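The structure appears right after this line, and notes come after that.
The values are calculated or read from the model by the stated rules, or taken from the named source; none is laboratory data. These numbers come from a predicted model, not from an experiment. Reconstructed Cβ throughout: ideal geometry from the backbone, glycine too, with neighbour counts over all protein chains shown. The area values use the complete protein model at the heavy-atom level, side chains included, leaving out ligands, DNA and RNA. Shrake-Rupley method; radii C 1.70, N 1.55, O 1.52, S 1.80 Å.
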Amino acid sequence: MSGEWSLVADIGGTNARFSALPLGALESEYTFNHSVEEHPEFSELIVDVVKEISQATGWNSAPNNACFAVACPADKEEIAFTNSHWHFTKSELKALLNCEQVWVINDFEAVAHGITELGEEDFVQIGGEAAVADKPIGILGAGTGLGIAGLVKLSNGYQVLDTEGGHADFSPISDEQAAVVNLLREEYGRVSLERLLSGKGIFNIYKSLCALECKVIEHAKPADIVAAAQSGDDPIALQSLNMFCEGMGSAAGNLALTLGAKGGIYIAGGVVPKFQNFFIKSDFRLKFEDKGRFVNYLKPIPVYLVTRNNLGLVGAAKKLLLS
């Protein structure tokens, strides 16, 4: 096949996902996953991925176009990832791929595009009523970091609001949260939302609570903390995961107020689906609505937990269709 395929990528701080798909398609069977940590140089991985695609598909030509969704600001020529060592320039990427057009967008712009392709089987509703069709949508999701985006309906489609909202200040809503934030300030100076509301954030909460309670840190990875919380084996792990869920609720409620997101709030990202039932039963929804005089404003707003895999890849492909 010559000149009739697209390459899309969704690259976070931990994982890099690629998909080769026929020109104009949104999904493909040819999807390739790589660990960021295992590849010192971004350019070397791209060369390897192109070879991998050629071997799997028999497509020996360069892609006709490409869209890379990246977990960092994407509006400059130089791309430097917020939570990994990788960096590249857009012109270098285009030369590496040898294709006609390359788009580099924020990863949560891609997620927002992907939201428009969801079916009812792709999410679980957590409270609220029906979405208001013509109102804005808010999107946030925890992975290695915290992504936030918006989606505004237009008469001829929609407009994505790509943001770096995950780096806004974390505002504690309890004495317990304030104590954790004060400890994290000693380490980071400033504490953003993603310092608590991400995979790494779960560990930040846990290690802070261990310090506050003079306990030894027993779990070195967020996944281990989540497992211990769900099994009930570790009270501090349970306390940590509860604080994470409450923090996500508060942040989601703030986003709903900020955007007037009566079209709904979508929780995406790779972290929350790993403890879906725990999250649904947690105080997430309570904290989402806990906004004083604006409780009744938030009560009808639905929250959707996205369960569809590779939403960023779908969104990157949707971006190509719209370009």
Condition first: under 21 Å from the mean Cα position of the chain (by Cα), assigned to a strand (DSSP E or B) and more than 21 Å from Glu120 (Cβ to Cβ). Now tell me which residues in region 141-157 satisfy that.
Ala142, Leu146, Gly147, Ile148, Ala149, Gly150, Val152
I'd like the residue in region 1-21 that is open to solvent by 60 Å² or more (accessible area, probe 1.4 Å) and in a strand (DSSP E or B) and, out of all such residues, is farthest from Cys72 (Cα to Cα).
Arg17
It is to be established whether one or more residues within region 50-58 are part of a loop (DSSP other than H, G, I, E, B) and over 27 Å from Gly141 (Cβ atoms).
yes
Name the single residue that is nearest to Asn83 (Cα to Cα) among those in region 23-37 being in a loop (DSSP other than H, G, I, E, B) and open to solvent by 60 Å² or more (accessible area, probe 1.4 Å).
Glu37
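The rows are residues; the columns are (1) open to solvent by less than 10 Å² (accessible area, probe 1.4 Å); (2) within 21 Å of Leu151 (Cα to Cα); (3) among the β-branched types (Val, Ile, Thr); (4) at pLDDT 95 or above.
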| residue | (1), (2), (3), (4) |
| --- | --- |
| Ala261 | yes, yes, no, yes |
| Gln276 | no, no, no, yes |
| Ile280 | no, no, yes, yes |
| Phe288 | yes, yes, no, yes |
Which residue is surrounded by the fewest Cβ atoms within 10 Å (Cβ to Cβ), if the candidates are limited to region 93-127 and must be under 19 Å from Ala66 (Cβ atoms) and among the β-branched types (Val, Ile, Thr)?
Val102
Within region 186-199, considering residues that are touching a helix residue (DSSP H, G or I) at 6+ places or on another chain (Cβ under 7 Å) and part of a helix (DSSP H, G or I), the one farthest from Met243 (Cα to Cα)
Tyr188
Would you check if Gly292 is surrounded by fewer than 19 Cβ atoms within 10 Å (Cβ to Cβ), touching a Pro at 6+ places or on another chain (Cβ under 9 Å) and modelled with pLDDT of 95 or more?
no
Given the conditions (1) open to solvent by 50 Å² or more (accessible area, probe 1.4 Å); (2) hydrophobic (A, V, I, L, M, F, W, C); (3) assigned to a helix (DSSP H, G or I); (4) under 30 Å from Val160 (Cα atoms), every one holds for Ile173 apart from (3)
Answer yes or no as to whether Ile202 is within 24 Å of Glu37 (Cβ to Cβ) and either surrounded by fewer than 15 Cβ atoms within 10 Å (Cβ to Cβ) or in contact (Cβ under 8 Å) with a residue 60 or more places away in the chain (or both).
yes
Mind listing whichever residues of region 244-254 are crowded, with 24+ Cβ neighbours inside 10 Å and closer than 13 Å to Ile301 by Cα?
Gly249, Ala252, Gly253
Based on this model, can you work out whether Leu184 counts as at pLDDT 95 or above, open to solvent by less than 10 Å² (accessible area, probe 1.4 Å) and farther than 22 Å from Phe288 by Cβ?
yes
